[in-house]
Amino acid sequence: MKYFLVGYMACGKTRKGREMAKEQGIRFIDLDAYIVERERSSIAEIFARVGEGGFRKLETRYLHEVCELYKDFILSTGGGAPCFNGNMEYMNNCGHTIFLNTDIDTITVRLIRGKQKRPIVSALKDEEIRDFVVKHLEQRLPFYKMAKEEIKNTSLCGRKEGGIEL
């Protein structure tokens, strides 16, 4: 079976995908990592070289490649992958899509912590990120909501800071 995890940047798709793959004993693929490996460039370098439009074309090409190469897997998509080039419809036709719906505050904390790895937010000031997420998520949500299943994730997880697990 082919499983596709979709959702906004930093919502936990990679972490959840690894857990699911281990539980089910099947291959885990992070689409962004796959692109980096195939292109021999970081996501930021690809964005700088070909822009977002060029990146989205590569993303679609590699999504199709993964689906053709492997029968069973759990794939963590990039946050924008479902929103371009008919990718969400394609994933729904190929397998089971799961929207990992994570609250805005959790996403904001995670993006601030790792924004240097994310070209779309890397130039923003920390205090601008939450507003950006709210507006950007509003545009992407209709695509994520096309998933066959939705998992709510409201916990701030991943790291302890000041005694609070983030």
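In terms of the Cα gyration tensor, with a ≥ b ≥ c the square roots of its eigenvalues, is the stretch 1-62 rounded because a/c is under 1.5, prolate because a/b exceeds b/c, or oblate?
Details: a/c = 2.37, a/b = 2.05, b/c = 1.16.
Prolate shape, in that a/c is at least 1.5 and a/b is the bigger ratio.
Sorted from largest to smallest, which semi-axis lengths in Å does the alpha carbon gyration tensor of the stretch 108-158 give for its equivalent ellipsoid, taking the root of 5 times each eigenvalue? All intermediate terms of the calculation are to be shown ahead of the outcome.
On the way: eigenvalues 96, 42, 19 Å².
Value: 22, 14, 10 Å, ordered largest first.
Would you kindly derive the ³J(HN,Hα) couplings of the stretch 52-60 from the backbone phi angles with the Karplus curve 6.51 cos²θ - 1.76 cosθ + 1.60 (θ = phi - 60°), listing them in order in whole Hz, with x for Gly and Pro?
5, x, x, 4, 4, 5, 4, 4, 5
Give me, ordered by chain and number, the residues 5 or more places off Thr97 or on other chains with an amide H under 5 Å from its own placed amide H.
Phe4, Lys148, Glu149
Could you give me the ³J(HN,Hα) list for the stretch 61-71, computed from phi with Karplus coefficients 6.51, -1.76, 1.60 and θ = phi - 60°, whole Hz, x at Gly and Pro?
Coupling constants for the stretch 61-71: 4, 6, 4, 5, 4, 4, 5, 7, 7, 10, 8 Hz.
Ranked highest first by the average count of other Cβ atoms within 10 Å around their residues, in what order do 125-131, 3-9 fall?
Working: 125-131: 12.4, 3-9: 25.9.
Put in order of decreasing packing, that is 3-9, 125-131.
Given a 1.4 angstrom probe, what's the average accessible area per residue across the stretch 7-77, in square angstrom?
Details: 3700 Å² over 71 residues.
It amounts to 52 Å² per residue over the stretch 7-77.
Restricting attention to the stretch 1-47, which GluC sites (Glu not before Pro) occupy a DSSP loop and are surrounded by at most 10 other Cβ atoms within 10 Å? Display every interim value, and only then the final one.
Numbers: sites: Glu19, Glu23, Glu37, Glu39, Glu45; in loops: none.
Nothing satisfies the criteria.
To the nearest 20 debye, what charge dipole does the chain have about its Cα centre, counting +1 at the Cβ of each Lys and Arg and -1 at the Cβ of each Asp and Glu?
Values: 28 positive and 24 negative charges, 46 e Å.
Magnitude of the dipole: close to 220 debye.
Go through Lys16/Lys71; Lys71/Lys148; Lys71/Lys117; Lys115/Lys148 and tell me which ones have a Cα-Cα distance over 26 Å in this structure. Numbers along the way, then the final one.
Values: Lys16/Lys71 20 Å; Lys71/Lys148 19 Å; Lys71/Lys117 30 Å; Lys115/Lys148 30 Å.
From the list (Lys16/Lys71; Lys71/Lys148; Lys71/Lys117; Lys115/Lys148), the Cα-Cα distance tops 26 Å for Lys71/Lys117; Lys115/Lys148.
Taking θ = phi - 60°, what integer Hz values does the Karplus form 6.51 cos²θ - 1.76 cosθ + 1.60 yield along the stretch 127-140, in sequence order, with x for Gly and Pro?
Working through the residues one at a time gives 6, 8, 5, 4, 4, 4, 4, 4, 5, 5, 5, 4, 6, 8 Hz.
If a/c stays under 1.5 just call it rounded; otherwise compare a/b with b/c (prolate if a/b is bigger, oblate if not). Do that for the stretch 34-142, with a ≥ b ≥ c from the square roots of the Cα gyration tensor eigenvalues.
Here the stretch 34-142 falls in the oblate category.
The values are calculated or read from the model by the stated rules, or taken from the named source; none is laboratory data. The structure presented is a predicted model; accordingly, all values stated were derived computationally and were not measured. Here the Cβ is made from the backbone with ideal geometry for all residues, glycine too, and neighbour counts use every protein chain on show. Protein only, heavy atoms only, side chains kept; ligands, DNA and RNA dropped before computing areas. Shrake-Rupley method; radii C 1.70, N 1.55, O 1.52, S 1.80 Å.
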